[in-house]
Amino acid sequence: MIIDLKPDMEAWLKAQVTAGRFSSLDEALGMAVKLMRQSEAKSLEPCDKWAEPYIDKALAEVENGALREWKKGDALTRIHAKYAHMLDDSNS
């Protein structure tokens, strides 16, 4: 296989081989490909791992019947009722 690199990239790779970091240009390019593949695989992993415990808890509550059906207006009514005293105090 023939690979054409920009002169600065080729010079950098040759310097890495000369410095002993790699035994050959093939090894250096192999490492570059390996790192690119790892980076790509990592970027495809879901980034919502933090939410998993919350999702698991919610699913368990659904299975146990701990949740009830509600309408959008119900939630707002409950919030207004709970904090109505704060609104009354601010109008005084």
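On the basis of the beta-carbon distance and an R0 of 25 Å, Glu52 and Lys72 show a calculated FRET efficiency of 0.40. Taking Lys34, Lys82, Lys49 in turn, the Gaussian network model of the chain (Cα-Cα springs below 10 Å) assigns the largest fluctuation to Lys82. Taking a sphere under 14 Å around the Cβ of Val17 and counting the other residues whose Cβ falls inside, with K and R at +1 and D and E at -1, yields a net charge of -1.
I want to check a number: in the chain, how many lysine pairs have alpha carbons closer than 19 Å, given a sequence separation of 8 or more or different chains? Total qualifying Lys-Lys pairs in the chain comes to 6. Run the simple label-point estimate for Asp8 and Glu63 please: 7 Å along Cα→C-beta, distance reported in nm. Result for the modelled spin labels: 5.6 nm. Springs between alpha-carbon pairs under 10 angstrom, Gaussian network model over the chain: which of Asp74, Asp26, Asp48 fluctuates most? Residue with maximal mean-square fluctuation among Asp74, Asp26, Asp48: Asp74. Would you calculate, for the chain, the mean residue ellipticity at 222 nm contributed by helices, counting each DSSP H stretch of 4 or more residues as -39,500 (n - 2.57) and dividing by all residues, to the nearest 500? Result for the chain, helices only: -22500 deg cm²/dmol. Each 10 Å bin from zero up to the one holding the largest Cα-Cα distance in the chain carries the following percent of pairs: 12, 19, 16, 12, 10, 10, 15, 6, 0. Compared with the dominant Cα axis of the chain, that is its longest principal axis, helix 52-64 is turned about 40°. Rounded to the nearest 20 debye, the dipole size of the chain about its Cα centre is 60 debye, using +1 on the Cβ of Lys and Arg and -1 on the Cβ of Asp and Glu. Note on the range 49-90: along the principal axes its Cα atoms extend 41, 24, 15 Å, ordered by decreasing extent.
The slack in the chain from Tyr83 to Val33, taken as 0.36 nm per residue of separation less the alpha-carbon distance, amounts to 12.1 nm.
We did not get these values from a lab; they are worked out from the coordinates using the rules stated. Note that the structure is a prediction, hence the values are computed from the model and not measured. Ideal geometry is used to build each Cβ from the backbone, glycine not excepted, and the neighbour counts take in all protein chains shown.
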